[in-house]
Amino acid sequence: MTQTRMLIEDRICFFGAGSMAEAVARGLIARAVIAPNRITFLNRSDKARLEALTERYGTVGTNEADEKEEALRTSPIVILAMKPKDAAEALNQLGALIGPDTMVVSMIAGLSIATLRSLLGRAEQPVVRTMPNTSSSIGLGVTGISYSEGLSDEQRRTARVLFEAVGLVVETDEHKIDNLTGISGSGPAYVYYMMEALMEAAKIGGLTDEQAREMTIQTVLGAAQMVRETGEEPAELRRKVTSPNGATQAAIEKLDESDFYGAVVRAAQRCSERSAEMGRELEDKLPKSGQA
């Protein structure tokens, strides 16, 4: 079978092989953005995980020291997907291997571009900082992206393509990344929490667990799709289903009694604030390279 030209033909190395790395790789492969054998996964010691990814997707994986170094040295795109606590050691290792034009894409929560460069020991390294969310695992994610100076137009295009494979991409200045965390990064959790409450109300009303679950899922899915397909604002769609003195109006009034609207706004704001705090706390614990 003739191989069609892929959108990305460079090799990509995932430095870390967790669930978010897998989600992005799965999206890239499913949408024929890159050939599976152009993707390499690295991890510290979990060989079974690497073998499972190879079996599942046809990717390459290794945790052998010499093979890891070769993969990092020769890949034009390195995606950082390790846990924050492992970042300092991994980035110090990486800085000694990559070239000045290697595009480093970070999915590490809380680490600024400046700190990433400092740990790499490379003050002008092309860096893309990203904040994907968990819905990326089903191709419906939202990823915030910020760029360091020094990226070429081609590198920016490639970064967008990487994450468009798993959902919507929002390009923003780096200082706004924490604001995205409060909305899209943690936003699914707010929706899940509301779904929990709706399912509980359904069960209190006598519905079975399965009925409560399926009705809630379809209601949330349908509401989101209505906003997307009609192009109307949520407030307008809400008004259309809220008859004066009707049942929906009674429900909205009960929500207003608890300041539901304000609580959600404050929750998102606090999430953004805490994200910034955690980033500072993490960076304070990391050793600073003296080379940058």
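Working from Cα pairs under 8 Å separated by at least six residues, relative contact order for segment 185-276 is 19 percent.
Cross-link check: pairs LYS47/LYS285; LYS47/LYS68; LYS85/LYS176; LYS85/LYS285 evaluated at a Cα-Cα cut-off of 19 Å; pairs beyond the cut-off: LYS47/LYS285; LYS85/LYS176. Note that segment 1-82 carries a Kirkwood radius of 12.6 Å, evaluated over its alpha carbons pair by pair.
Neighbouring Cβ atoms within 10 Å as the yardstick, rank VAL33, VAL264, VAL128 fewest first.
Least crowded to most crowded, the residues run VAL264, VAL33, VAL128.
For segment 188-292, the Cα-based Rg and Dmax, in that order, read 19.9, 68 Å. Rounded to the nearest 20, the size of the Cβ-charge dipole of the chain about its Cα centre is 220 debye, with Lys and Arg at +1 and Asp and Glu at -1. Across q = 0.11 Å⁻¹, the chain modelled as identical point scatterers on its alpha-carbon atoms has Debye log10 I(q)/I(0) values of -0.75, in the order of the q list. Of the residues ALA109, TYR57, ALA21, the one whose Cα sits farthest towards the positive end of the charge dipole of the chain is TYR57 (charges of +1 on Lys and Arg Cβ, -1 on Asp and Glu Cβ, taken about the Cα centre). Within the same chain, aspartates and glutamates fewer than 8 places from LYS203 are excluded, and of the rest, those with a Cα less than 13 Å from its Cα are GLU214.
What angle, in degrees between 0 and 90 and rounded to the nearest 10, separates the Cα long axis of helix 47-57 from the longest principal axis of the Cα atoms of the chain? Between the helix axis and the principal axis of the chain, the angle is about 70 degrees. Calculated FRET efficiency, GLU174 to ASP101, Cβ-Cβ distance, R0 = 35 Å: about 0.95 to the nearest 0.05.
Quick note: the coordinates plus some simple rules give every number you see, no bench work behind them. Fair warning: this is a prediction, and the values are worked out from it, not measured in the lab. Please note: Cβ atoms are built from the backbone with ideal geometry, for glycine as well, and neighbour counts cover all protein chains shown.
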